[in-house]
Amino acid sequence: MPYETIGGAYELASRLGHSAAAIKAIADQRTFYVPAEPLQDVEMIRERIRPRTDFAVPPAADRLSAALAIDGSHVVEQVRDGLPSVMYGFAQAAAAYVDLDVLESQRAERFVDPYAIERAINTALVTLDLPVAGAYTRPGVDIVTSWRESIDLLFRQKKIDVNRLDQPLLDLLFLLHGGPGLPAVTVPVNCPSTDCSKDVPVPPAGADCSVCGEHLFPTDVLRIHEEVGEEGANQSALGRLMSVIELLVLVGLSTLLWEQSRQRALRTTLFIVDGPLAVFGTPAKLRGRALDYFQAMGSTTPAVAPYVCGIEKSGVLVDYARQLARHDLLSPGDLLVCDEQIISRVVNANNARAYGKETYWGRKFVYRALDGRVVVPTVPPPTGAPYDANGGKADPRDYPTLSAILDVIDRTGSSMYVDGIIPVAAAHGRAAFPIGVGTDVLRLVATKRLGLDSPGQQPNQVRSTP
């Protein structure tokens, strides 16, 4: 390289700098099918496009005046020099409340008032950390037990502390298994011992398995520990945990408005989750719990509230939607109904009719906003299942909150990210982990948690998380 370093030598290229180009070159020589790339059956697609006029903008008095977005992020860091298997995980979920009326007022101004924008956006954060591999809560336990103990402790200690909401995550987990204002008394837990009891009712304090005597934690209902292994960084399991936290934050904040301002604030606020309304992996049974919970909330709320949606920023359907917009099949203001035929095109599924029935508690639509942005919202129906073995509910008329949701998407465009919206961008900015110096700080935190900074601490010993 032509650049000289401070020591006088020439700058050297990375040994692996060519890898991306090499992999792309290899891929270019292979033959494979990408469903989102070719646009087939154009007429079939056009038949499933609904114009914006089919979704009337609510009257000024009924338009949503606030949006509350929830986003999460997680990272795993190597924390012990010379011991690369010692990994520590961090996860956090942020909520960002955006006053849409203030944003609307600033839109009419010649110069935006940054102080007004700052007051219009308020955020809150829930953080957690735990040893994920190569380090354990205490001597004499395997990595699965270490994760089980860590998650139980975190759910008891960590709280969502917003306004008058001050509830531990464990309380919200029981609330999700019950109903709005009526938490469950027990949750059904599978004993982690091989071929042992299933669906054991476990109270908040925990219980012992009547067959093998293993102590069961209520958080075992999430089954996240089933994805944990002694080898590797357990990134997937940490991601599952983060998605559960996001759902519990949504449950806590929506329930707060349901209890304290059902007639006003709940009816004027849109709750947005960054990502689809879905639960993947071992905690997937929470999908049904979430759908039942918000449908029960809706049945006891005036009008069509609560307004809840997920917003996807990536994925095969987002790629497909951008292809439609690029070829002008989807014009600004158009909504694509993603029924069985569209799904079969996009995901190349053999059984598109049953797509999403085990994981999604909202239905996907494709919308091109009035300013040209392409958004994939996921919206739950007030009754029934969005997806089931018979194709679910694809008709937009089954989603009475959809018009108001599209209106908010049109009003909150953001140039910070491709096809972004302001509430999600604000939540992402609060939840994202910093790079560079931020990574060093996380390592220091992990070292402190593991007790590796203590005088006389042996290299092969770690302390339990305080």
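The values are calculated or read from the model by the stated rules, or taken from the named source; none is laboratory data. Bear in mind the structure is a predicted one, so any value in this text is a computation, not a measurement. Backbone-built Cβ (ideal geometry, glycine too); neighbour counts: all protein chains shown. Side chains included, ligands, DNA and RNA excluded: accessible areas come from the protein's heavy atoms. Shrake-Rupley method; radii C 1.70, N 1.55, O 1.52, S 1.80 Å.
Details
Yes/no per residue for (1) open to solvent by 10 Å² or more (accessible area, probe 1.4 Å); (2) under 15 Å from Phe271 (Cα atoms); (3) assigned to a loop (DSSP other than H, G, I, E, B); (4) among the small types (Gly, Ala, Ser):
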residue	(1), (2), (3), (4)
Lys364	yes, no, no, no
Tyr367	no, no, no, no
Leu370	yes, no, yes, no
Ala385	yes, no, yes, yes
Lys393	yes, no, yes, no
Ser403	yes, yes, no, yes
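- The residue of region 44-64 that is modelled with the lowest pLDDT, among those that are open to solvent by less than 30 Å² (accessible area, probe 1.4 Å) and out of contact with any strand residue (DSSP E or B) (no Cβ under 6 Å at 6 or more places or on another chain), is Pro58.
- Within region 345-384, the set of residues being over 20 Å from Val318 (Cβ atoms), in contact with a Gly (Cβ under 6 Å, 6 or more places away or on another chain) and at pLDDT 95 or above comprises just one member, Pro382.
- Count of residues meeting criterion [open to solvent by less than 50 Å² (accessible area, probe 1.4 Å) and among the basic types (Lys, Arg)] in region 319-355: 0
- Of all the numbered requirements in (1) surrounded by fewer than 23 Cβ atoms within 10 Å (Cβ to Cβ); (2) more than 18 Å from the chain's Cα centre (by Cα); (3) over 21 Å from Val379 (Cβ atoms), Pro283 misses one, and that requirement is (2).
- Remark: Thr378 matches the filter, which requires a residue to be among the hydroxyl-bearing types (Ser, Thr, Tyr) and assigned to a strand (DSSP E or B).
- Every residue from region 310-332 that is in a loop (DSSP other than H, G, I, E, B) and under 26 Å from the mean Cα position of the chain (by Cα): Lys313, Ser314, Gly315
- Checking Ile405, Ile435, Ile421 one by one, the residue that is at pLDDT 95 or above and of a type in the set (Val, Ile, Thr) is Ile405 and no other.
- Matching residues, region 123-171, being assigned to a strand (DSSP E or B), open to solvent by less than 10 Å² (accessible area, probe 1.4 Å) and of a type in the set (Gly, Ala, Ser): Ala133
- Within region 237-257, not a single residue is open to solvent by less than 50 Å² (accessible area, probe 1.4 Å) and part of a loop (DSSP other than H, G, I, E, B).
- Test: Ser193 is of a type in the set (S, T, N, Q), open to solvent by less than 60 Å² (accessible area, probe 1.4 Å) and part of a loop (DSSP other than H, G, I, E, B): yes
- Annotation: Ala27 fulfils all but one of (1) open to solvent by less than 90 Å² (accessible area, probe 1.4 Å); (2) within 30 Å of Leu329 (Cα to Cα); (3) modelled with pLDDT of 75 or more; the unmet one is (3).
- Test: Leu336 is touching a residue at least 40 places away in the same chain (Cβ under 8 Å), in a strand (DSSP E or B), among the aliphatic types (A, V, I, L, M) and more than 30 Å from Gly178 (Cα to Cα): yes
- Enumeration of residues in region 27-56 that are in contact (Cβ under 8 Å) with a residue 24 or more places away in the chain and farther than 20 Å from Asp398 by Cβ: Tyr33, Pro35, Ala36, Glu37, Leu39, Gln40, Asp41, Val42, Met44, Ile45, Arg46
- For Asp62, the stated conditions do not hold, so it cannot be described as under 23 Å from the mean Cα position of the chain (by Cα), of a type in the set (D, E, K, R) and over 30 Å from Gly229 (Cα atoms).
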